Amino acid sequence: MRSQLRRAGLMGPAGLVAGLALGPAAATAAECRLALVLALDVSSSVDPGEYDLQKLGLAAALGSIPVREALTNVTGGYVTLAVFEWSGRYQQKVVLDWTRMDDPAAIDTAVAVIATAERSYSRFPTAIGYALGYASTLLKRAPECRRRVIDLSGDGVNNEGFGPDLAYRNFPLDGVTVNGLVILGQDADVLPFYRNEVRRGDGAFVETASGFEDFSAAMTRKLFRELNDVMVGELDAPYPDERG
């Protein structure tokens, strides 16, 4: 912060008066604008190569220039992030616990943690309702934030345990927006399922990846949109297309 103020000419006597004007803005920046949970599918339909494309794709998306800029623009408050892997009913594991993502060092650390993570599970089915329930428990431990968003990625429909409808009825998810990132190619029903059953809340949307090779680009688009709270029809370059 000192170096930022110095570069802006707000350190020392000459800048002190101007610095006082930052009081309200600084208070706003100290607030949390978004608690974002990223949930990655590691069910049995995801092979080792696809897992790497997904994991490294997320790391690349978080490290991309547009996402970095959105994370470090704290005018409206900071973003806190948590990442977990999910598959069967009881197969969920935190990869990155709640991390305040408001400076380059924090982003670099998060990228490194995700990129070097070892896969938690590989032989279990797809329990989306349980994944949503687990995400709700993570949100209970998050700081107080103006927006709470769950970002669920997957390549298939629910095939074990209760579905999203029961999760939304029985877990404290009121006021939480749930977006989806659908990985096309494995299941023809996955896109309508995410659109009709998973997507939930104000401004919720579903992004698509044309296979795991497209995961990084799709995740970058989705994070850009979530971090900037962009609604359909408001997208500007470099991500002008609505693919959900």
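The values are calculated or read from the model by the stated rules, or taken from the named source; none is laboratory data. What you are looking at is a predicted structure, and each value in this text was computed from that prediction instead of being measured. Cβ placement follows ideal geometry from the backbone for every residue including glycine, while neighbour counts extend to all protein chains displayed. Please note that ligands, DNA and RNA were not included when accessible areas were found on the heavy atoms of the full protein model with its side chains. Shrake-Rupley method; radii C 1.70, N 1.55, O 1.52, S 1.80 Å.
So in the stretch 72-124, with the set limited to residues that are among the β-branched types (V, I, T) and without any contact (Cβ under 8 Å) to a residue 40 or more places away in the chain, which one is farthest from E160 (Cα to Cα)? Give the steps one after another, and end with the answer.
Residues of the stretch 72-124 that are among the β-branched types (V, I, T), as a first pass: 72, 74-75, 79-80, 83, 94-95, 99, 107, 109, 111, 113-114, 116.
Keeping just the survivors that are without any contact (Cβ under 8 Å) to a residue 40 or more places away in the chain gives 72, 99, 109, 113, 116.
On the way: T72: 39, T99: 31, T109: 34, V113: 29, T116: 29 Å.
Of everything passing the filter in the stretch 72-124, T72 is farthest from E160 (Cα to Cα).
Evaluate the following for T116: is it within 16 Å of the chain's Cα centre (by Cα) and either open to solvent by 30 Å² or more (accessible area, probe 1.4 Å) or more than 21 Å from A217 (Cβ to Cβ) (or both)? Criteria not met by T116. For the residues V95, V79, V83, the requirement of being in contact with a strand residue (DSSP E or B) (Cβ under 9 Å, 6 or more places away or on another chain) and open to solvent by 30 Å² or more (accessible area, probe 1.4 Å) singles out V95. Here V178, V149 are screened, and the one residue that is modelled with pLDDT of 95 or more, within 15 Å of G133 (Cα to Cα), in contact with an Asp or Glu (Cβ under 7 Å, 6 or more places away or on another chain) and buried (at least 20 other Cβ atoms within 10 Å of the Cβ) is V149.
Taking V206, is it modelled with pLDDT of 95 or more, in contact with a Phe, Trp or Tyr (Cβ under 6 Å, 6 or more places away or on another chain), open to solvent by 30 Å² or more (accessible area, probe 1.4 Å) and over 19 Å from A82 (Cα atoms)?
For V206, the condition - modelled with pLDDT of 95 or more, in contact with a Phe, Trp or Tyr (Cβ under 6 Å, 6 or more places away or on another chain), open to solvent by 30 Å² or more (accessible area, probe 1.4 Å) and over 19 Å from A82 (Cα atoms) - is not met.
Considering the stretch 65-184, the qualifying strands (runs of 3 or more DSSP E), each wholly inside and each with 1 or more residues that are farther than 25 Å from D214 by Cα and among the polar types (S, T, N, Q), run over 78-86, 92-100.
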